[in-house]
Amino acid sequence: MKAERLNSFVLADSEKCTGCKTCEIACAVAHMEQKAGTAGATDGPFMPRLYVMRTPEVTVPVQCRQCEDAPCAIVCQMSAISRVDGMILVDTERCVGCKLCLMACPFGAIELVPQHRGTKPIYPGAWKEQEDWIGRRLYRANKCDLCAGRDKGPACVLACPQKALEMVNPAAASRKRNLEAAVSLLECAKGFDA
Amino acid sequence: MTDGIIQIDQELCTACKRCGDNCPVDAIEGEQGKPQTVCEERCVNCGQCIQICSAYDSIFDDNLTPRATRLRERSLFPSLKEPLFAVYDRNCLADVKAALADAGLFTMVQCDSTVSSAIPEDFGLAAGSLSPGQVAASLKKLGFQKAYNTNSLAAFSILEEAHELIERLNCGRVLPVIDSSCPAAVKFIEQSYPELIHYLSSCKSPHQVAGALFKSYGAKRSGIDPASVYSVSVVPCTSRKFEANRPEMKADDQEGRREVDAVLTTRELAYLIKDAGIDIFGLPPEEFDKDLADIPWLANVYCTTGDVTQAVLHTSPELLTNGARSPLNIAFADAQTEGARVTSVRVDQYDIKAVAVSGLRNAIPFLEAIKAGKREFGFMEIRACPMGCVSGGGQPKVLLPQDKLPAYIERANLTSFCSAGDRNKISEHAAVQQVYQGYFKKPYGDKSNRILHTQYAERRLGH
């Protein structure tokens, strides 16, 4: 039986990453309803789905691994998270903002973000009478969708000035590793001959 | 915080060093992994670091200074919605807003064509979606009493610079004339090539010339006390903020007052328009004021590299010969080095070779050649920014790296300087003649030299 295809995911190389956050901006822009070309055309905060982390030792963006046994999907009480075409996707219409997925994700790749319809913010049903109260906007889970439907693939991969991000096809990646191992074995054997 | 025009927010900088790698004068300093700072002395204020910076205030970072505080620290309007980036330029938005509300001031604004063509980008539309008339209308709506197109007023700079070129050709020395309209290039020469300062044209840049005109002839013409004029210039450039504050750029006969009181960038004009709640797309177009100069063929001069060269070369024959002359055919060819284009024209007895360079680093080989005594060119134009003023540090900030070049090319195409067609002589233009007859007497004369020309000084770098 042929193995089912493993979920692809975006992975960053911390050796190449300089921490510039261009990937975050590209992600945020790719998921805007009205795509902003310039800073001035952006009418709210960026809502990226990957997060550049900085410590004294490492700088690298962290994002969803599209887990095969996705903890976020397992804990979701609303069945709002499911696997679709090799991606773990959130159905925001079902999400109630319970935050269990945020807690369950081993990478912290899920955030809850304020919801909009067009440029208008949406408020939760319970607070409808208090629309001015910005602190109580409707928040729902948000995560990497591999830029599903985008012709050129994930926006973060394309935009990175350091070419530090790649879309990993796990099967192809392991074949590549196998091949590299085979070549290095040959080099090793040559060493014995000499 | 230093006093410089260009600032780096120490909390937002992620030390990626992209700005430093991109800086033409190595003015960005800092240890590996630590927030960077700008060396004010070396910085030429071109603002390309502002354009490249991608470190911003994330709403997911709970430890950041509150946005309202950051907006206040940067003197930005609380209504501003866009994310804030680590590298930014100081602004005088509050001063301009106060001046517009001050009934005792006569507010005069000039706006560059590069601003008019690119500003729609900051409203989410393609460059060129607004007519210059709609931008003029929005300036009037903001409350400016007079609104001029800087490029049209550039007639005076071009005429004065052409006179200077002819005089230097006639004397046969101190060539090339290095155009002085890019303030970043001027500061670069002052600090890195002080031995070439006397090659710089003494003519002020178009927006300073316009500012000088507002506070002299313009005020008199409108029957206004020059001291009550508040002069604002909207430009694609951050370096003009430095230029307008140079001690040499004081208004004639006015103690300590500036020719240009406030410089706004394209982005800052968009902030003002949004803050005032003006529906720029719904405004019926109005004309820019035309009483100081109105020369249609100059509408797009000073937008891309090579425009000044064309305009000055085109104007030089009218100063040498009295008879009718067919327009010069000025065609550029790529030079052997990156970012440079050359052209040559024959004007009377002179073969004038000119070079136009984009990017300060690309200008270095040419400046070195002059220093070494080579006299290849009669005229040299340097633009600090990668594609000239359309890609200036104050222009709408294109968010993604791969979108920058196409956006700059689009802006350049929209503002291409027309080299053919009907180009009436600047010196025969009625409004220009009026200004000279009524005020300066003659081009390159005593009074125009005092008001429209300046001088430069060596800047010794500390290290």
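The values are calculated or read from the model by the stated rules, or taken from the named source; none is laboratory data. Quick caveat, the model's predicted, so the values are computed rather than measured. Cβ placement follows ideal geometry from the backbone for every residue including glycine, while neighbour counts extend to all protein chains displayed.
Some points to look at:
- Scanning region A:139-156 for residues that are basic (Lys, Arg) and more than 24 Å from residue A:120 (Cα to Cα) returns A:150, A:152.
- Among the residues listed as B:259, B:195, the single one being within 30 Å of residue B:461 (Cα to Cα), of a type in the set (Asp, Glu) and buried (at least 19 other Cβ atoms within 10 Å of the Cβ): B:259
- No other residue among B:270, B:293 is of a type in the set (Gly, Ala, Ser) and outside any loop (DSSP other than H, G, I, E, B) apart from B:270.
- Given (1) loosely packed, with under 14 Cβ neighbours inside 10 Å; (2) among the hydroxyl-bearing types (Ser, Thr, Tyr); (3) assigned to a strand (DSSP E or B), index of the condition residue B:75 fails: (3)
- The one condition in (1) within 13 Å of chain A (Cβ to nearest Cβ); (2) out of contact with any helix residue (DSSP H, G or I) (no Cβ under 7 Å at 6 or more places or on another chain); (3) over 20 Å from residue A:114 (Cβ atoms) that residue B:69 fails to fulfil: (1)
- Looking across region B:329-374, the residues that are among the charged types (D, E, K, R) and either in a loop (DSSP other than H, G, I, E, B) or within 21 Å of residue B:171 (Cβ to Cβ) (or both) come down to B:338, B:346, B:348, B:351, B:353, B:371, B:374.
- Residues in region A:41-55 that are closer than 28 Å to residue B:271 by Cα, in contact (Cβ under 8 Å) with a residue 24 or more places away in the chain and within 7 Å of chain B (Cβ to nearest Cβ): A:43, A:44.
- Residue pairs whose Cβ atoms lie under 7 Å apart, separated by 6 or more positions or on different chains, with the first residue in region B:115-130 and under 20 Å from residue B:302 (Cα atoms) and within 13 Å of chain A (Cβ to nearest Cβ) and the second of a type in the set (Lys, Arg) and surrounded by 22 or more Cβ atoms within 10 Å (Cβ to Cβ), are B:118/B:411; B:127/B:411.
- Region B:8-34 residues that are in contact (Cβ under 8 Å) with a residue 60 or more places away in the chain, paired with ones that are among the charged types (D, E, K, R) (beta carbon under 8 Å, 6 or more apart): B:9/B:70; B:12/B:57; B:14/A:21; B:14/A:54; B:24/B:361; B:25/B:42
- Residues within region B:286-310 that are touching a Pro at 6+ places or on another chain (Cβ under 8 Å) and in the same structural domain as residue B:438 (by TED's automatic domain parsing), tallied: 1
- Taken across region B:23-44, residues that are among the small types (Gly, Ala, Ser) and away from chain A (no Cβ under 12 Å) do occur, with at least one present.
- In region B:56-75, the qualifying residues are those that are free of Cβ contacts under 8 Å to residues at least 12 places away in the same chain and among the β-branched types (Val, Ile, Thr), and the one that is farthest from residue A:44 (Cα to Cα) is B:69.
- Matching residues, region A:26-40, being farther than 14 Å from residue A:165 by Cα and either more than 7 Å from chain B (Cβ to nearest Cβ) or crowded, with 19+ Cβ neighbours inside 10 Å (or both): A:28, A:29, A:30, A:31, A:32, A:33, A:35, A:36, A:37, A:38, A:39, A:40
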